[in-house]
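The values are calculated or read from the model by the stated rules, or taken from the named source; none is laboratory data. Fair warning: this is a prediction, and the values are worked out from it, not measured in the lab. When we count neighbours, we look across all protein chains shown, and the Cβ atoms used for this are built from the backbone with ideal geometry, even at glycine. All accessible areas refer to the heavy atoms of the entire protein, side chains included, with ligands and DNA or RNA removed. Shrake-Rupley method; radii C 1.70, N 1.55, O 1.52, S 1.80 Å.
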Amino acid sequence: MAPIAVHIKHAGKVHDIQLDPDLPPNVFKDSIYQTTGVPVDRMKVMVKGGVLKEDSSWKKISPKEGQTFMVIGAAGELPKPPTKPIVFLEDMDDAELAEALAKPVGLRNLGNTCYMNSSIQALRAIPELQVALSVPSLQSPTPLPGALRDLYINMSRTTDSITPMAFLSVLRQVNPQFAEMDRGSKAHGMMAGYAQQDAEECFGQIVNSLRNVPGLPSPNGTSTETKKFVDQYLMGVMRRELKCDEAPTEEPTISHENILKLECNINMTTNFMLTGIMNSLDQKVEKTSPTLGRQAVYTQQSRVTRLPGYLVVHMVRFSWRQDIMKKAKIMRKVKFPLEFDALDLATEDLKTKLLPVSRRLKEVEKERAERRKVRKRTKVAAPAPSNSTPAAAPAGEVGGDVTMGDETVPETKTTAGGELEAESVYRAKELAELEGLLSDDVRKDIGCSGSGLYDLVAIVTHKGAAADAGHYMSFVKKTVFHPSKHGPGSSDSEATEAGAVPRLELDDDDEDWYKFDDDKVSVFPKEKLSTLDGGGEDSSAYVLVYKTKSLA
């Protein structure tokens, strides 16, 4: 259907605007925002039957040419033009060109498929998965792993947004639940009429379909046993112990269970992710007691006996409400850490194995941070060239930089000239030391966490108040796609081919993220991650992917 000319009335003024019934209501709202300055989240558009919502159907509203819509809401500041002028590729320098070409691509929305797009982008934060999918011997009872491999290959070979129609078709073929039609819409066809789905369910179903993907071999040949990829990098093992509160003499029941995620239960007192996870691990349950011969209360304590290389946390934000007979969103604000120490979740046996590496790695990271500070000071305060012979450096001075009274100089080895050695030299020594602290069991277990310490690398968020509506987005840390200048994979140890397009390398203190809003990709500052804690209808963290800290 072609766009139609309609009117909107706001604050006593009438404006002419175009309405395209083939596009979602939010597109119309955005057009109103561009005209009136009323933000979409504070805007109410009155239509037949009430207020225009994200999932409203234009078929039911039946807008007519020349119709006037009443808009309610306080106007804010009108959209501003770009602060920086548009720069073409041929006018960019090497650094700007590298950043422009290195930005990962987005995925076009094919009609309520943001749940799938966000899941795919979050899984892309696991580079080992793409390696496992690329093996020639890839075999699976379902076509989904092959479709995901092809999609990732296409995403790595272009700078334009991708239309993931082939993967979507396979996903719906393998999991028919994602082919459910929207009951509130009469539209039919390939590109419209499908219902919104749950991103966490999609994430889990894709991972389940990867269960037969071959695992990766041991990099140092310490293990000959090769598990499947999911078992190596995503599978944890949970030990559950049941004790009867009413029969202390009854023998506790112990069981072990493979898990692919940790649940963070959210209630009226949950303020932090760890609290919610512990609430899910320590619970009271009722079951028949063989000793008492009746229903009794048991305490179930669950602890992890294996921590995988990638730890997935599900923020349980949707719950069934009996009073309204539907799933509702839990809006509560729950803070999540960017660095997570999972040893609190581990059994005593696993803690004993991981604690030496965990303690030393924390110390090593402080030393690395100090070296970064020294390198930064040296770069900023580099002395001007001089023909005269330099005077002897006064006491407390390192590499020409005067140490302030409240500043501690890191105990790091320097070259004869007082400068730090190449970062790769320190990293090699630290790696050898940390690997020497690994227990034999952990060293042989490919894909597990050797320290229990994790960095957050990907987030899937949900925006909106309803479980079966709203919008999903994903956020992925920039370091997933680009190496840091002094970290593993940097040009410290790798030569760049002459004439090649310059590769983007991040500064050591670059902690920013990429925001994936379907096909729109933008840089998201680290400082704004706290806005994803929740507390309202805006985007709130729903699925979190943590990566075990690298020893190198």
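Pairs linking a residue in the stretch 250-261 that is farther than 12 Å from ARG303 by Cβ to a residue that is in a loop (DSSP other than H, G, I, E, B) and open to solvent by 70 Å² or more (accessible area, probe 1.4 Å), with Cβ atoms under 7 Å and 6 or more positions apart or on different chains, are GLU250/THR291. Residue under question is THR68, and the condition is that it be farther than 29 Å from ALA195 by Cβ and modelled with pLDDT of 70 or more; does it hold? When the stated conditions are applied, THR68 passes them. Across the stretch 449-463, not a single residue is classified as over 30 Å from ILE259 (Cα atoms) and either modelled with pLDDT under 90 or of a type in the set (Gly, Ala, Ser) (or both). Filtering the stretch 12-31 to residues that are out of contact with any strand residue (DSSP E or B) (no Cβ under 7 Å at 6 or more places or on another chain), part of a helix (DSSP H, G or I) and buried (at least 17 other Cβ atoms within 10 Å of the Cβ) leaves only PRO25.
The numbered conditions (1) among the small types (Gly, Ala, Ser); (2) without any contact (Cβ under 8 Å) to a residue 12 or more places away in the chain; (3) closer than 30 Å to LYS528 by Cβ are all true for GLY293 except (3).
Looking across the stretch 269-309, the residues that are charged (D, E, K, R) and surrounded by fewer than 17 Cβ atoms within 10 Å (Cβ to Cβ) come down to ASP282, LYS284, GLU286, LYS287, ARG294. The residues of the stretch 447-478 that are more than 30 Å from THR226 (Cα to Cα) and part of a loop (DSSP other than H, G, I, E, B), listed by number, are GLY464, ALA465, ALA467, ASP468, ALA469, GLY470. Among the candidates ARG377, ARG359, which residue alone is open to solvent by 60 Å² or more (accessible area, probe 1.4 Å), at pLDDT below 85 and assigned to a helix (DSSP H, G or I)? Step by step, each of ARG377, ARG359 is checked, and only ARG377 is open to solvent by 60 Å² or more (accessible area, probe 1.4 Å), at pLDDT below 85 and assigned to a helix (DSSP H, G or I). On inspection, GLN283 does not qualify as of a type in the set (S, T, N, Q), closer than 30 Å to ASP533 by Cβ and at pLDDT 95 or above.
Screening the stretch 266-286 for residues that are in contact with a helix residue (DSSP H, G or I) (Cβ under 9 Å, 6 or more places away or on another chain) and aliphatic (A, V, I, L, M) and picking the one that is nearest to MET238 (Cα to Cα) gives LEU281.
The residues of the stretch 519-538 that are farther than 15 Å from LYS335 by Cβ, touching a Ser or Thr at 6+ places or on another chain (Cβ under 9 Å) and surrounded by 14 or more Cβ atoms within 10 Å (Cβ to Cβ), listed by number, are ASP519, VAL521, ASP538.
Every condition in (1) in a helix (DSSP H, G or I); (2) crowded, with 21+ Cβ neighbours inside 10 Å holds for TYR152 except the one numbered (2). Just wondering, is there one or more residues in the stretch 155-170 that are closer than 22 Å to LEU544 by Cβ, modelled with pLDDT of 95 or more and of a type outside the set (D, E, K, R)? No, that holds for no residue. Residues of the stretch 541-552 that are within 14 Å of SER118 (Cβ to Cβ) and touching a Cys at 6+ places or on another chain (Cβ under 9 Å): LEU544 alone. For the stretch 495-518, the tally of residues that are open to solvent by 80 Å² or more (accessible area, probe 1.4 Å) and either of a type outside the set (Val, Ile, Thr) or modelled with pLDDT of 70 or more (or both) stands at 6. Within the stretch 517-540, being part of a loop (DSSP other than H, G, I, E, B), out of contact with any Cys (no Cβ under 7 Å at 6 or more places or on another chain) and touching a residue at least 24 places away in the same chain (Cβ under 8 Å) holds for ASP519, ASP533, GLY534, GLY535, GLY536, GLU537, ASP538, SER539.
Do we have ASP441 as surrounded by fewer than 21 Cβ atoms within 10 Å (Cβ to Cβ), modelled with pLDDT of 95 or more and not in a loop (DSSP other than H, G, I, E, B) here? Taking the combined requirement at face value, the residue does not satisfy it. Only strands (runs of 3 or more DSSP E) whose full extent lies in the stretch 207-292 are considered here, and the ones with at least 2 residues that are touching a His at 6+ places or on another chain (Cβ under 9 Å) are 236-244, 262-265.
Conditions (1) modelled with pLDDT of 95 or more; (2) open to solvent by less than 70 Å² (accessible area, probe 1.4 Å); (3) charged (D, E, K, R); (4) more than 30 Å from HIS462 (Cβ to Cβ), marked per residue:
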{"residue": "HIS188", "(1), (2), (3), (4)": "no, no, no, no"}
{"residue": "MET191", "(1), (2), (3), (4)": "no, no, no, no"}
{"residue": "VAL213", "(1), (2), (3), (4)": "no, yes, no, no"}
{"residue": "SER218", "(1), (2), (3), (4)": "no, yes, no, yes"}
{"residue": "THR226", "(1), (2), (3), (4)": "no, no, no, yes"}
{"residue": "GLY236", "(1), (2), (3), (4)": "yes, yes, no, no"}
{"residue": "GLU241", "(1), (2), (3), (4)": "yes, yes, yes, yes"}
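Return yes or no: is PHE178 crowded, with 18+ Cβ neighbours inside 10 Å, at pLDDT below 95 and outside any strand (DSSP E or B)? Taking the combined requirement at face value, the residue satisfies it.
Of all residues in the stretch 32-41, which are touching a residue at least 40 places away in the same chain (Cβ under 8 Å), surrounded by 14 or more Cβ atoms within 10 Å (Cβ to Cβ) and either out of contact with any Asp or Glu (no Cβ under 9 Å at 6 or more places or on another chain) or farther than 29 Å from SER539 by Cβ (or both)? Once the filter is applied, which keeps residues that are touching a residue at least 40 places away in the same chain (Cβ under 8 Å), surrounded by 14 or more Cβ atoms within 10 Å (Cβ to Cβ) and either out of contact with any Asp or Glu (no Cβ under 9 Å at 6 or more places or on another chain) or farther than 29 Å from SER539 by Cβ (or both), the stretch 32-41 yields only TYR33. Note on the stretch 310-346: residues that are part of a loop (DSSP other than H, G, I, E, B) and either open to solvent by 50 Å² or more (accessible area, probe 1.4 Å) or modelled with pLDDT under 95 (or both) total 10. Suppose the filter is open to solvent by less than 60 Å² (accessible area, probe 1.4 Å) and within 21 Å of ALA469 (Cα to Cα); does VAL45 pass it? The answer is yes for VAL45.
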